[in-house]
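Report on one structure; see the data block that follows.
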Amino acid sequence: MPLEVTIPENEVRRYMGFRGPVEGSPETDAMIKKAIASLEKDCSPRYVSKAFPVTVDGYKVEFADVVIESRALARNLAGCTECVLFAATAGPSCDMLVKRAAVTSSAYASCCQAAGAAAIEAYCDMINDKIRNEYEAKGLFARPRFSPGYGDLALAHQKDWFRLLDITKNTGVELTDSLLMVPTKSVTAVIGLSPNRLPCVKQGCEACTMASTCAFSRKG
Ligand code: SF4
């Protein structure tokens, strides 16, 4: 199944460390386009999501049978009554493409790596939009998504996401003993849902003009 979303070329360039659209040689441009075309065709994206009631008390966040101590997550979810946990993957094709490319061209492998990162981000944005729209219709408004490993939300909580969403069965993604996901282009996250609407931006608190004053900013 193809990716379902377009991989933005400017995002691929950003992941490669380029600052503008004109940086890089024509050869690099061609490799970026080739990597994007391959991934848009060969990705096999999947996701799973589930909603839970959530409570926040000080730095303590509780949903399902999980208790998380995290200042940044508590701040992000303050005022939320529900949260949606989700896991998404672009599938194994990116890792395979990078491996194959590395045999002949490290430059092309870098393009594939960056295109894969942009692919899973674009796919997560699409899921995020779906969840946001679904709950807005019910009078609940989405906060920016927040992932285990971000800020002081311990990566060890990946295990809670895997258990509550049965991620391996539902998406094929596995969690290693060192808490890394395989395929690597996979994401877990929580989206808080509040009865109060905020002017949140899709790119998250880091890109929001309110980040320095908003009481709910995940930047802390
Ligand atoms: S800083 Fe902006 S994006 Fe982040 S929670 Fe506040 S309004 Fe939403």
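The values are calculated or read from the model by the stated rules, or taken from the named source; none is laboratory data. Keep in mind the model is a prediction, meaning the values are calculated, not measured. Don't worry about glycine lacking a Cβ; one is built from the backbone with ideal geometry, like all the others, and counts go over all protein chains shown.
Every residue, every condition in (1) within 16 Å of the ligand (Cβ to nearest atom); (2) modelled with pLDDT under 95; (3) surrounded by fewer than 19 Cβ atoms within 10 Å (Cβ to Cβ); (4) within 27 Å of LEU39 (Cβ to Cβ), yes or no:
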| position | (1), (2), (3), (4) |
| --- | --- |
| LEU155 | no, no, yes, yes |
| GLY172 | no, no, yes, yes |
| PRO183 | no, no, no, yes |
| THR188 | no, no, no, yes |
| ARG197 | yes, yes, yes, no |
| GLU206 | yes, yes, yes, yes |
> Restricting the search to the range 117-128, which residues are closer than 15 Å to ARG46 by Cβ and touching a helix residue (DSSP H, G or I) at 6+ places or on another chain (Cβ under 6 Å)?
Replying inline: ALA119
> Picking from ALA51, ALA35, ALA64, which residue would you name as being surrounded by fewer than 19 Cβ atoms within 10 Å (Cβ to Cβ), aliphatic (A, V, I, L, M) and in contact with a Cys (Cβ under 9 Å, 6 or more places away or on another chain)?
Replying inline: ALA51
> Out of (1) surrounded by 14 or more Cβ atoms within 10 Å (Cβ to Cβ); (2) closer than 19 Å to GLU82 by Cα; (3) more than 12 Å from the ligand (Cβ to nearest atom), the odd one out for ASP129 is which?
Replying inline: (1)
>> For the range 9-46, which positions are closer than 30 Å to LYS130 by Cα and in contact with a Phe, Trp or Tyr (Cβ under 6 Å, 6 or more places away or on another chain)?
In response: PRO45
> Out of all the residues in the range 76-101, which are part of a loop (DSSP other than H, G, I, E, B), within 16 Å of the ligand (Cβ to nearest atom) and either basic (Lys, Arg) or touching a Lys or Arg at 6+ places or on another chain (Cβ under 8 Å) (or both)?
Replying inline: CYS80
